[in-house]
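Reviewing the structure listed below.
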Amino acid sequence: MGFFASIGSCFSKYTTFRGRAQRSEFWYFVLFLCLLALPAALLGPFGAFLFLPVLLPAISVEVRRLHDIDRSGWWVWLCLLPPINLVVKLIWWTRKGTDGANRFGPDPLASPQALPTWSAPATSITERAEQLAKIKALLDGGTIDREEFERMKAQVLGN
């Protein structure tokens, strides 16, 4: 994932605390926050207002990054213990994510071919409802984005 894709992903998943975030998504967003700190420092106390809109996306991407290494998102509260916080989190943030699916969702580095596709629309209403429920679960879990969800939904409905 590139720099701008990472920023877009973090803002589109503004309050998504489920799913996983790969290392590149997390670290590019950290780079974005560091670049944002430069003008914030020049503005003095008013610079804090630059960080208000990015606070929630920063927390959510950190939680998803913890999920990628199979840690609970509650570990984000480790920040309340400053001496331990930085060392432990740096180790965790730089670790490779769990290969394959873990309890927080599928591997974000899995190839797109691994995602289910529906080339032909379902024939019965029950089959369509089941397929729509499956792709909705993928969307809710953060495995696919809204655009991919709409494309898959159109395939299921035969549009």
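Derivation of every value follows stated rules applied to the coordinates shown; laboratory data play no part. Note that the coordinates shown come from a computational prediction; the quantities given were computed from them, not determined experimentally. So basically every Cβ, Gly included, is an ideal-geometry build from the backbone, and we count neighbours across all protein chains shown.
Worth a mention:
- Hey, Leu86 surrounded by 11 or more Cβ atoms within 10 Å (Cβ to Cβ) and more than 26 Å from Asp140 (Cα to Cα) or not: yes
- Matching residues, the stretch 70-103, being within 21 Å of Ala5 (Cβ to Cβ) and of a type outside the set (Gly, Ala, Ser): Trp93, Thr94, Lys96
- Flag if Ala48 is assigned to a helix (DSSP H, G or I) and at negative phi: yes
- Residues that are of a type in the set (Gly, Ala, Ser) and surrounded by 12 or more Cβ atoms within 10 Å (Cβ to Cβ), drawn from the stretch 46-71: Gly47, Ala58, Ser60
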